[in-house]
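See structure below.
The values are calculated or read from the model by the stated rules, or taken from the named source; none is laboratory data. What you are looking at is a predicted structure, and each value in this text was computed from that prediction instead of being measured. All Cβ positions, glycine included, derive from the backbone under ideal geometry; neighbour counts span all protein chains shown.
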Amino acid sequence: MYYTVARYAGAAPGRPGPAAEPGNRMTVIALRQATAADSEFCFQLHKAAMGEYVTAIWGWDEQRQRDFHARGFAPGHWQIITVDGADAGILIVDYRPGEVYLARIEIHPDYQGHGIGTRLIGALIDEAAQRGQDLVLDVLTVNNRAQALYQRLGMKEVGRHGDSNIRITMRSTRPPR
């Protein structure tokens, strides 16, 4: 699956300037199937992208996090997000009977703020709507930046769960027909 995002010199993400400006280029965002060889990349990515939030809630225990990763890493189900051919993140989507569930999206901090998450999540919202479903996801309460992104994309909080309600469930809503 390929997504293309136009990035223009001097333009804010999601607000491209004129295509005739010098220095304009297209950024190619693609998804590839994870392989067993991606395990360490995925762990290090999780540490870089989510370590601050994990630490705030549970504290970071390296061995415990490695064990958690080893139990959950499923190369056949995980996708690697690439940006211009470089590994930049992971995406895990579950297609359930009544919804499309975004189990995980993590983008390396070096690639955050460039519209990559916006583009991918927007495409998933569109895909879910085409299927007559909503996109559903969970986000940690301490991850305000992700919450703001999801709200900007039209997702609404529909519940909280986990110890001390540390996770917020959000849902896109299809426009009425």
Within the range 89-132, residues surrounded by 19 or more Cβ atoms within 10 Å (Cβ to Cβ) and farther than 22 Å from Cys42 by Cα come out as Val100, Ile125, Ala128
Test result for Gly115, within 26 Å of Val28 (Cα to Cα) and at pLDDT below 95:
yes
Set Asp110, Asp163, Asp134: member being of a type outside the set (Phe, Trp, Tyr) and in contact with a strand residue (DSSP E or B) (Cβ under 6 Å, 6 or more places away or on another chain)
Asp134
Restricting the search to the range 43-79, which residues are surrounded by 15 or more Cβ atoms within 10 Å (Cβ to Cβ) and of a type in the set (S, T, N, Q)?
Gln65, Gln79
How about the range 39-83: which of its residues are without any contact (Cβ under 8 Å) to a residue 40 or more places away in the chain and hydroxyl-bearing (Ser, Thr, Tyr)?
Ser39, Thr55
With the checklist (1) crowded, with 20+ Cβ neighbours inside 10 Å; (2) hydrophobic (A, V, I, L, M, F, W, C); (3) under 15 Å from Thr27 (Cα atoms) in hand, flag the one item Ala86 doesn't pass.
(1)
Only one residue in Arg96, Arg64, Arg104, Arg71 is at pLDDT 95 or above, among the basic types (Lys, Arg) and touching a strand residue (DSSP E or B) at 6+ places or on another chain (Cβ under 7 Å), so which one is that?
Arg104
Evaluate the range 163-174: report whether one residue or more is closer than 27 Å to His69 by Cα, in a helix (DSSP H, G or I) and touching a residue at least 12 places away in the same chain (Cβ under 8 Å).
yes
Among residues belonging to the range 149-177 that are at pLDDT below 95 and of a type in the set (Val, Ile, Thr), point out the one that is surrounded by the most Cβ atoms within 10 Å (Cβ to Cβ).
Ile166
Given the conditions (1) among the small types (Gly, Ala, Ser); (2) at pLDDT 90 or above; (3) touching a strand residue (DSSP E or B) at 6+ places or on another chain (Cβ under 8 Å), and given that Gly51 satisfies all but one, which numbered condition is not satisfied?
(3)
Against the condition within 13 Å of the chain's Cα centre (by Cα), among the charged types (D, E, K, R), within 22 Å of Ala34 (Cα to Cα) and not in a strand (DSSP E or B), how does Arg119 come out, does it pass?
yes
